[in-house]
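Every number here is computed from the coordinates shown, using simple stated rules; none is lab data. Worth saying up front: this structure is predicted, and the values here are computed from it rather than measured. We place every Cβ from the backbone using ideal geometry, glycine too, and count neighbours over all the protein chains shown.
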Amino acid sequence: MGIKDVAADFFGNLFSFDQAHPLLFTQFHFWAFFAAVLAFLCVFRNKVLLRNAFLFFVSLFFYYKTSGLFLILFAFVIVFNYASAIVLSSIEGKSGKKVIVLLSVVTDLSLLCYYKYAYFLTDVVNNLFGTEFVVRDLFAQVGNALAGSPAFSVDSIFLPVGISFFIFQAVSYVVDVSRGTIPPIRNFLDFGFYLSFFPQLVAGPIVRAKEFMPQLHKPFFLGRRQFGIAVFWILNGLAKKLILSDYLAVNFCDRVFENPLLYTGFENLTALFCYSLQVYADFSGYTDIATGVAMLMGFYLPKNFNSPYKARNPVEFWKRWHISLSKWLQDYLYIPLGGNRNGTFGSYAIILGIAFLASALAGSWWVFGAVAVIAAVLALLIAFCGKYRKELIADINRMDTMLLGGLWHGASWNFMIWGGLNGVGMLIYRFWKSCNIYLRTLVIGAVCLAFYILKQRFGAAVFNMFFVWTLIIFAGALVRMLYHLLRFKPSFAWLETVWAIVMTFIFITFTRLFFRSGSNLDPAEANEQAWNTAKNMVERIGGEWDLSLIPQMALQHIGVLLVFAAGMLIHWLPERLKRRYRIIFASLPLPLMVLVCVLAVFIICQFVTSDLQTFIYFQF
């Protein structure tokens, strides 16, 4: 093979898109790409306009290597939202601004809905009217018409990587410009760079323009300490992804979730807990790598995780998990709905609309009727019971936010259940917090008794599972009541914190059952398959256990259990200790830092699987 052939083959591979092998942080190709980016960046690091333009085009290239021709869609989003903000800044009247904002937001969300919810909405229509509509890719049909040949498949719609993240980022930018929070970005290359910055492009965090704009024209600076911290975040993220997430997924979680009935209740429950760690290590690992890569280029991304499994309640959990999405939902959904001040038409329309969708998918109007009755009762309480009006309105808006947050993650009713459970958890916690210890013990005791009666009457696994769980909570509440009555010393108060953290982790892990069941599925079959997976796992977990087999099964999966235990122990380390070893690493002499990096990479490579796992949140 001649030099020309080698060169042609190299550039052919360089500028081609392979759907089976997208450009991932865990691939050598990415780090070769990033090394080239850094090398070119060093040439004009202090020439801000050239730097921003270069990184914009590099980011577009990165998106092409992860998503192929969906780059055209992404380019449209960039141009459209740039133009929308410029037009907004030139309009004086409020009504004109509202029209532009509405047009921009509707266009952005329509693109998101088309690619993400086409199968979901088609299922709803077919279930409602008995039709047999089939999803077709309209954009592929247009492409075939323009090409004059069947160049694109029209039989299915593929979800563009990262569409949920860059659409939400674009919406926040236009809305902030309309509110006067930020001025529009006049330079198109600067705006394109902001929306496409490749470290966080495909899986977040969702970066607000007000956080990133001040960095656009700052000269490049990377101190010795910042360099060390950046390298630490990259190694930390790779370790989370490859040692924790991928190992747990390949060696245990995926096998159990693919066919829960082949495994025991103990193994199903273990897989559920391992998945909680897996999804955290996967997503926060991506964020850590993105943070380190951005820092090496002189940019800083917002914190997206704050040890979420240290949360003592569901409300605190959502202040620690996927922080950029939680804040986005708060600022652009919860507060516009009325927040904790008042209710709006949207407050009731959203919850009834989602109940309608759930009823259509389930083929039963009982769900809609039950939610409608609950909504009517709440409306009456809000109208005639002024004492609780504010709290009830806030609760409805919180539930709306969590339900839509669930739908943001995917077009499956399992995601709606997941979002709804998190909303219910937040509401129960608010009620729990308002009760004294005696009332708490009485209420949870009554709930536990009710599940016991249901279990005895119907023998369903789900009632048995909830009975055991509420029995554990009741035992904790009873101990705490005795602790309160006997006036134990405050030195034992840390036990309450540990108990709250463990109970919150168990609750969040249970909701993950529905989250994982709805993931990694063909959208055309997602609803039925996800529901069956969740149902089968509940049957196993809530069914009869042979306790004598647990030690044997624990030994059989000892590697997985040790990795899970190590991951959770590291996660629960005090934050001050984590900060200390980050600083120690960043302060190492350069030769010693290189040695530590080589050792870390060697250890990480021992856990690399033959088939690298994509990041979980790429599908969102």
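Some observations on this one:
- With Cα atoms, 0 to 90° folded angle of helix 526-541 axis to the chain main axis: 40 degrees
- Extending 7 Å from the Cα toward the beta-carbon at both residue 110 and residue 141 defines two label points whose distance is 1.6 nm.
- To the nearest ten degrees, helix 575-586 and the longest principal axis of the Cα atoms of the chain are 20 degrees apart.
- Nearest-ten-degree value, helix 386-409 long axis tilted from longest Cα axis of the chain: 50 degrees
- Per-peptide average of other Cβ atoms within 10 Å, ordering 202-211, 22-31 highest first: 202-211, 22-31
- For the cross-link pairs 116/241; 327/578; 535/578; 65/303; 210/578; 94/433, the ones whose C-alpha atoms lie over 32 Å apart are 535/578; 94/433.
- Cα-centred dipole magnitude for the chain, charges only on beta-carbon of K, R (+1) and D, E (-1), debye, nearest 20: 2840 debye
- Taking 0.36 nm per residue of separation and subtracting the current Cα-Cα distance, fully stretching the chain between residue 532 and residue 307 would add 77.8 nm.
- At an R0 of 22 angstrom, the distance between the Cβ atoms of residue 46 and residue 186 translates into a FRET efficiency of 0.55.
- Cβ-Cβ FRET estimate between residue 153 and residue 251, R0 fixed at 30 Å, reported to 0.05: 0.30
- Stretching residue 493 away from residue 587 to a fully extended chain increases their span by 30.1 nm, per 0.36 nm per residue minus the current alpha-carbon distance.
- About the Cα centre, charge dipole magnitude for the range 70-135 (Lys/Arg +1, Asp/Glu -1 at Cβ), debye: 300 debye
- Note on residue 608 and residue 132: the model spin-label points, each 7 Å out from Cα along the C-beta direction, lie 4.9 nm apart.
- Model label points for residue 573 and residue 220, set 7 angstrom from Cα along the Cα-to-Cβ axis, are 3.2 nm apart.
- With contacts taken as Cα pairs under 8 Å at a separation of at least 6 residues, the chain carries a relative contact order of 18 percent.
- From the alpha carbon centroid of the range 103-137 to that of the range 441-476 is 40 Å.
- Candidate values (1) 40, 32, 27; (2) 47, 39, 24; (3) 66, 33, 24, label of the one derived for semi-axes √(5λ) of the Cα gyration tensor in Å: (1)
- Length available on full extension from residue 596 to residue 475: 0.36 nm per residue minus the Cα-Cα distance, which gives 38.9 nm.
- Per residue, the average separation of C-alpha pairs within less than 8 Å and at least 6 apart gives the range 255-362 a relative contact order of 11 percent.
- Ranked packing of 219-225, 398-404, 49-55, 479-485, most packed first, by mean Cβ within 10 Å: 398-404, 49-55, 479-485, 219-225
- C-alpha center-to-center spacing [the range 171-210, the range 567-594] in angstrom: 32 Å
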